[in-house]
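The values are calculated or read from the model by the stated rules, or taken from the named source; none is laboratory data. Quick caveat: nothing in here was measured; it's all calculated off a predicted structure. Every residue, glycine as well, gets a Cβ built from its backbone with ideal geometry; the counts of neighbours run over all protein chains shown.
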Amino acid sequence: MASDSETTTPDKGSSGGGLIQLILLAVTCAIGGFATVFFLSPNASPAALACEADSTEVAGHTPLALEDHVYVELQDILVTIGNEPATRYVKIKMSVISDKDHLNAVKKAEPMLVDAFVGYLRALQLSEFESADFYPKMREQLSRRSEIVLGPDASQGVLITEFLLR
């Protein structure tokens, strides 16, 4: 019926050897990976490095609010945003940073400052106001316009003291 060649069983000696070889290979790879990271990585520095005092440095920092600066508050600025019929508007209250020598020049030029600021704010789109990274850019642009109107000696920047977007 069935021949002897068809009913022969495979050799029992080769079974199970593949699993042990895979385990040995995995352990060898793990040891090699650990050794590579351990020996080739730079030495860890301490968690907190001590700061050495430099004898050339002056203690502290330069304050932003200097004694000779004056802050000239401007009138409130109310501007509609976009071309749609007055649905959104922005209300801004600002102060110009100047020195005591130019205080009267800033007060005298207030209408020109407000005109320059309104011209810039009116050109903006609503999407720009909704972006979080826009506000420093807007402040920089307002400072530039202040320097153009007053001159670089009279204007040291603009502070936005109140901002309302509706």
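Details
- For region 90-108, the criterion of being modelled with pLDDT under 85 and either β-branched (V, I, T) or out of contact with any Pro (no Cβ under 8 Å at 6 or more places or on another chain) (or both) is satisfied by no residue at all.
- Contacts under 7 angstrom Cβ, first residue in region 118-135 being of a type in the set (S, T, N, Q), partner surrounded by 13 or more Cβ atoms within 10 Å (Cβ to Cβ), 6 or more apart: Q125/G82
- Residues that are exposed (fewer than 15 other Cβ atoms within 10 Å of the Cβ) and in contact with a Phe, Trp or Tyr (Cβ under 6 Å, 6 or more places away or on another chain), drawn from region 79-120: T80
- Residues of region 7-46 that turn out to be part of a loop (DSSP other than H, G, I, E, B), of a type outside the set (S, T, Y) and either touching a helix residue (DSSP H, G or I) at 6+ places or on another chain (Cβ under 7 Å) or at pLDDT 60 or above (or both), as a count: 3
- Residue that is farthest from I77 (Cα to Cα) [pool: residues in region 119-166 that are touching a strand residue (DSSP E or B) at 6+ places or on another chain (Cβ under 7 Å) and of a type in the set (A, V, I, L, M)]: A154
- Qualifying positions in region 76-101 - part of a strand (DSSP E or B) and closer than 14 Å to S155 by Cα: M94, S95, V96, I97, S98, D99
- Residue count for region 102-130 under the criterion of being assigned to a loop (DSSP other than H, G, I, E, B) and under 13 Å from I81 (Cβ atoms): the result is 4.
- Among residues of region 154-165 that are over 17 Å from A109 (Cβ atoms) and touching a residue at least 24 places away in the same chain (Cβ under 8 Å), those with a Cβ under 6 angstrom from a residue that is outside any strand (DSSP E or B) and of a type in the set (A, V, I, L, M, F, W, C), sequence gap 6+ or separate chain, pair up as L165/F129.
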